[in-house]
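Worksheet: the structure to be examined is printed underneath.
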Amino acid sequence: MANITLEVQSAKLISMFGSGPGGASHDGKWTITSVVKLNWPERLELGTGEDIGRLGKPAEIEMHLTFRATKPELVEWATERTKGVDDTFKSDDDAVCGTASYHAEWNSRDGLDHSPASILFDIYTPSDVMASLVRFAENGRFVKQVTVEVRGMDYGYAPDGREKRWPDNADNTMLPIVNVSYDLPLLERPEDEPEPGEPATPVGADLAPVLKETLKWLKGAVWLLAAIAGAVVLKGCR
């Protein structure tokens with residue numbers, strides 16, 4: 001068991017409907033799909049050699065996370081699909097609420113199509129929670145950070161738990177997620193909004209009219225002093 005925290009880089013709402021197999025199965029329901037990365041300084045070492053989050057050259061692997069409305073058949077399928085996963089903390093009371101799946105790099109025979117290696121986190125979301133997430137998304141609010149508890153992963157040697165390992169990802173390509181938590185900011189200061197106590201405009205911008213008038217006054221004062229000095233010099237010459 002290991003907890004992995006993911007930072008959302010981008011997110012979008014997706015829906016599908018129609019008479020075909022894909023459309024019929026989705027039936028117009030929304031999903032929220034995000035591009036994610038590991039929360040710094042976490043690392044994930046894979047048995048296939050990728051080392052995600054390590055300093056230096058990043059692993060060429062994509063990570064995506066999807067919130068979708070849960071269905072009994074989804075949970076049953078994921079539970080059956082991952083029942084062989086070995087984990088010290090595995091319990092009969094575990095309720096699978098998602099999956100983490102590894103997909104190896106793929107190249108077409110003609111070399112025209114290519115898919116990089118990827119890890120997909122699929123979250124089966126209760127209907128009331130999904131409705132709230134969609135409502136927030138429609139108003140421009142998306143989940144920014146997600147933590148998932150994954151059975152079948154373990155921790156590395158770092159004492160703070162930052163290192164995670166998936167040593168058999170080539171053979172055991174899907175693991176169960178048994179717990180999910182997320183952050184959904186409700187109130188944030190806009191990036192361009194100044195901190196409390198900072199000037200509301202760039203330094204000096206609100207002083208421009210005053211400075212302009214001051215410069216005009218100084219210029220007039222200089223001419224006046226020059227005139228007085230000239231009169232004094234002229235009087236002395238006489």
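Filter segment 55-79 down to residues that are at pLDDT 90 or above, farther than 22 Å from Ala131 by Cα and not in a helix (DSSP H, G or I) and give me whichever is most open to solvent (accessible area, probe 1.4 Å).
For segment 55-79, the residue satisfying everything is Glu62.
Do the conditions hold for Gly140, that is, is it assigned to a loop (DSSP other than H, G, I, E, B) and open to solvent by 30 Å² or more (accessible area, probe 1.4 Å)?
Here the answer is yes, as Gly140 does meet what is asked.
Return the residues of segment 117-132 that are in a strand (DSSP E or B) and either under 16 Å from Lys71 (Cα atoms) or in contact with a Pro (Cβ under 7 Å, 6 or more places away or on another chain) (or both); say none if nothing qualifies.
Asp122, Ile123, Tyr124, Thr125
Give just the number: which of (1) over 26 Å from Lys144 (Cβ atoms); (2) in contact with a strand residue (DSSP E or B) (Cβ under 9 Å, 6 or more places away or on another chain); (3) modelled with pLDDT of 85 or more does Ser91 not satisfy?
(3)
Out of curiosity, is Ser25 at pLDDT below 75, of a type in the set (Ser, Thr, Tyr), closer than 23 Å to Ser127 by Cα and surrounded by fewer than 17 Cβ atoms within 10 Å (Cβ to Cβ)?
Against the criterion (at pLDDT below 75, of a type in the set (Ser, Thr, Tyr), closer than 23 Å to Ser127 by Cα and surrounded by fewer than 17 Cβ atoms within 10 Å (Cβ to Cβ)), Ser25 qualifies.
The values are calculated or read from the model by the stated rules, or taken from the named source; none is laboratory data. As the structure is a computational prediction, the values presented were derived from the model and not from experiment. Cβ coordinates were reconstructed from backbone atoms using ideal geometry, including for glycine residues, and neighbour counts include every protein chain displayed. Accessible surface is based on the protein model in full, side chains and every heavy atom, while ligands, DNA and RNA are left aside. Shrake-Rupley method; radii C 1.70, N 1.55, O 1.52, S 1.80 Å.
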